Every structure is written in structure tokens, then in C-alpha cells.
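Just below is one structure, and these are the notes that go with it.
The values are calculated or read from the model by the stated rules, or taken from the named source; none is laboratory data. Owing to the predicted nature of the structure, the values given are computational and were not obtained by experimental measurement. Virtual Cβ from ideal backbone geometry, glycine too; neighbours counted across all protein chains shown. Calculation scope for accessible area: heavy atoms of the full protein, side chains included, ligands and nucleic acids excluded. Shrake-Rupley method; radii C 1.70, N 1.55, O 1.52, S 1.80 Å.
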Amino acid sequence: MWLYLVPTLAINVVIILIPALLTIALAFFQWDGISAPVFIGLGNFVALWSDGPFWTALENNLIWTAIFLTVPIAMGLLAASLLLIVPRRGSTLFQVVYFLPVIIATAITARVWQGMIYSPVTGVFGYLQKLGLPIVNPLSQTSTALFGVATVDLWHWWGFLCVIFFAALRQVPQEQIEAARIEGASFWQMMRYVLLPGIKPTIMLMMIMTVIWSFLVFDFVYILTQGGPAFSSEVLSTLAYRKAFYDLNVGQAAATALVISLFGLVATFFYIRIQSRESV
């Protein structure tokens, strides 16, 4: 039986374990990707501590996480609960419509929003400007660039949460729902006392995954703004990419990647701890 696990184990060792160990090791070296690495201990982490763009990127990641822990989860829960009162055929159609943005490639989604919505020449924002509305491309402003990128990802992401939450809501015992209806519970009372407690494990899992994915966000930011203007939409993943391939500072890039992994480990630790408490 163990022989069947060897191919999977070998793939994980080559693709995951070895690169992870190399990343950890490189975080303690100064290396430009060409010459021989030089061991500098905690030098890369000390350099990050005094690096202004690093703290800006970390702050942006925290803002991004706060946005995605609230807005798309609330949208997904509300839409999923409303699907419960829609006939089965209608709910299937809505699920397909909601899930459609998720299966579109992120590069295509980003370019569509960039050219057809945000563009001052060919987009909806440009059309509104011609009508005299004081609206500008959010990607071009330091105060709104991060939120402009987050909006694109919100549109791409919330439908996935809706479908996951709807599948979980359908597992809530029908007897509890009917009992609440007989007692005259309103929609919000039904949500608070019956539906949300019934899918609490799913909500917690999605929140933990949201934290992990929020610190891994890269594609939308890089395609739409490359972290600009003036680092206003820079996140840790784009900063690591910039340090590795633009500044040729692989050591600091690896150190930044370890910071990203640290937040993922913390989120995973809390999830496992919560699950162990609930299983007792």
C-alpha cells in the first residue's frame, strides 16, 4: 500500500518541500541570483525592518485582509441565504451566474476591468467623465489604487463564497428551519439563530483561507498597478517579486516570503485550535 504513496510523496518533496527549505535558507544569505551566496545571518530581516516599502506592503496586506474578511463574506452569506427561498432550478441558474467570474482567468478579468471599466479613454469611467461626473480612474490615485484593485478581486471572488455557503446552508436540518418559521422568526432572526450557527465551521474555514489567500495575493495587483503608484498598492508578494527580479536581492525576497508564510501559519494554527476545541 505504501508504494502507492511514493509518487505523490516524491512530487510533494520536489515541488513543495525542497523549494520551501531553499527559501528558508536563502533568507539568511545575500545573493543576487548569479554570484555565490554570502551568509549574513539575520541581515535580510534587519534590512526589511528599516525598509519603508516593506511596511507599506504589510499595511496594505492587512487592509486587504480586513476588506476580504468582511465585504465578500457578508455578500456571500446574504446571497446564499436568499438562494434558499428560490426554487431549485432558479437557484442553480443563480449559482452558475455567481460562480462564472471565478472560472475566468485572473489576467482576463484584470484586463477587462482595466480597459472597459477603469480606463478614462475606453472604459465606463471615461464615459462618466464625458457626462461631467467628477470621477477618476482609482488605479491612478495613491489614495484609491489599493481599493480599486480590491474591487476587481471582490467581483472575482465573492461568488465562490456564495456557492460554498449555499452548499453548507442546505445541510442545516430542515426541521430547525421549519420550527423557526412556525415560531414566526424573521429573516434576520433566522440568519442569526439558525442558519449562521449551523454553518459556523464552514464560515471559520473560509475566514482562515481568506487570511491565507489575502497574504498571497499577487496577480491582480501586479497586472493592474504593479504595486503603484508610489507603492500605494504594493503588497508583500509583489514586493518579494520586485526584490528578486528587479533589485536582484534574492535574500530579502526570501525573507519577505517567510513573513508571508508566517501569517499563513498563524491563521492555520488558530483554525486547528478552534477545531480541536469544538471537537472536544
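Does anyone have the angle between helix 2-12 and the longest principal axis of the chain? Alpha-carbon axes, 0 to 90°, nearest 10?
That helix lies at roughly 60 degrees to the long axis.
Nearest 10 degrees, 0 to 90: what angle lies between the long axis of helix 52-68 and the longest principal axis of the chain (Cα atoms)?
Relative to the chain, helix 52-68 is tipped by roughly 10 degrees.
Output the peptides 50-61, 34-45, 154-165, 72-83 sorted from most to least packed, where packing is the average of other Cβ atoms within 10 Å over each peptide's residues.
Order by mean packing, descending: 154-165, 72-83, 50-61, 34-45.
Using a 1.4 Å probe on the protein heavy atoms, what percent of the accessible area of the chain belongs to carbon and sulfur?
Roughly 72 percent, rounded to a whole number.
In the calculated pair distance distribution of segment 2-279, what percentage of Cα-Cα distances lie above 34 Å?
Every Cα pair in segment 2-279 considered, those over 34 Å come to 36 percent.
Along the charge dipole of the chain, pointing to its positive end and built from +1/-1 on Cβ of Lys, Arg, Asp and Glu, which listed residue (Ile16, Gly159, Leu133) has its Cα farthest out?
In the chain, that residue is Gly159.
Suppose all protein chains stay in the model; what accessible area per residue would a 1.4 Å probe give for segment 2-279, in Å²?
57 Å²
Using packing as a proxy for protection, rank 128-139, 6-17, 234-245 so that the peptide with the highest average count of other Cβ atoms within 10 Å comes first.
234-245, 128-139, 6-17
Under the 0.36 nm per residue contour assumption, what length would be gained going from the current alpha-carbon distance of Val14 and Thr92 to full extension?
Length gained, Val14 through Thr92: 24.0 nm.
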